[in-house]
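Scroll down for the structure; my scribbles are underneath it.
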């Protein structure tokens, strides 16, 4: 996500920013409850509705906020269009795997993936942007890798869902930096592109009477129509918040979302939580503490 940051936010701005960003991360963190309510629906159909209704929600907002010219320019510019086509595929894949994981009782793996994501971003920056890792960053990455290896060896299950989610979202963020568009406009273009594939798929489901929309009750229909509430609304809140608070604060608050997922998985959905998983999470949390402390210190030095 692109973050527009004021150089010296006032206290009022900072307080409002924390509220906006906090609400965004809380929605992202507890959104699995929403997708669980659609558990009877195949993940692909859920995502098809998600992208279509989110695009229908986002497009008017883009023009109401006077960003229509940026949206049109992004579509017309071949380079930007191709970049957003790539990011659309990545975010669509991320959403699909995430919803599938939730509805197959693998939310703990999803939580782990989003905890790992900041460290994956560090590695991708080193590999593709030639960024040099500071010693604490290197230690954090190695510690996280040790946790993943430990889980694989001791528990006998390679956390492929976690690593795939982290890689998809990490690559999305890496490529998204190349597109000179705002988060709102970027997501509007991405959902538009995904809708080009989702709409024929939903028409096919309706024609063959295999879909759930208008056939499984008003509750399912309303949940389909409400998908922008857990897709576009938190993005808008995040954008409002990120403009008002320091980047280091945003970096620390990002762990609210996977923490919400973790609590839902363990306390609400009672997913099995083994000792090996506990050790892995503690290792990842320790790595993130090292990474976050170093990031805050580096931000203060740069200021």
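Values as computed for the structure displayed
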| read-out | value |
| --- | --- |
| Selection within the range 208-218 - in contact (Cβ under 8 Å) with a residue 60 or more places away in the chain and out of contact with any helix residue (DSSP H, G or I) (no Cβ under 7 Å at 6 or more places or on another chain) | 216 |
| Flag if residue 258 is under 17 Å from residue 110 (Cβ atoms) and either touching a strand residue (DSSP E or B) at 6+ places or on another chain (Cβ under 6 Å) or surrounded by fewer than 21 Cβ atoms within 10 Å (Cβ to Cβ) (or both) | no |
| Filter result for residue 120 (more than 14 Å from the chain's Cα centre (by Cα), part of a helix (DSSP H, G or I) and closer than 23 Å to residue 175 by Cα) | no |
| Residue match in the range 269-281 (condition: closer than 30 Å to residue 192 by Cβ and either surrounded by 18 or more Cβ atoms within 10 Å (Cβ to Cβ) or at pLDDT below 90 (or both)) | no |
| Residue 40 being out of contact with any strand residue (DSSP E or B) (no Cβ under 6 Å at 6 or more places or on another chain), buried (at least 22 other Cβ atoms within 10 Å of the Cβ) and modelled with pLDDT under 95 | no |
| Close pairs from the range 153-180: first within 14 Å of residue 125 (Cβ to Cβ), partner assigned to a loop (DSSP other than H, G, I, E, B), Cβ under 9 Å, at least 6 apart | 173/1; 174/129; 176/1; 176/2; 177/2; 177/129 |
| Among the candidates 161, 175, residue that is modelled with pLDDT of 90 or more and within 16 Å of residue 86 (Cβ to Cβ) | 175 |
| Test result for residue 192, touching a helix residue (DSSP H, G or I) at 6+ places or on another chain (Cβ under 8 Å), under 20 Å from residue 47 (Cβ atoms) and surrounded by 16 or more Cβ atoms within 10 Å (Cβ to Cβ) | yes |
| Number of positions in the range 197-220 that are surrounded by 11 or more Cβ atoms within 10 Å (Cβ to Cβ) and assigned to a helix (DSSP H, G or I) | 11 |
| Residues within the range 144-189 that are touching a helix residue (DSSP H, G or I) at 6+ places or on another chain (Cβ under 8 Å) and in a loop (DSSP other than H, G, I, E, B), tallied | 8 |
| Pick from the range 264-303, criterion over 22 Å from the mean Cα position of the chain (by Cα) and not in a helix (DSSP H, G or I), ranking: farthest from residue 136 (Cα to Cα) | 270 |
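The values are calculated or read from the model by the stated rules, or taken from the named source; none is laboratory data. Fair warning: this is a prediction, and the values are worked out from it, not measured in the lab. Quick reminder, even Gly has a Cβ in these numbers, built from the backbone with ideal geometry, and neighbours come from all protein chains shown.
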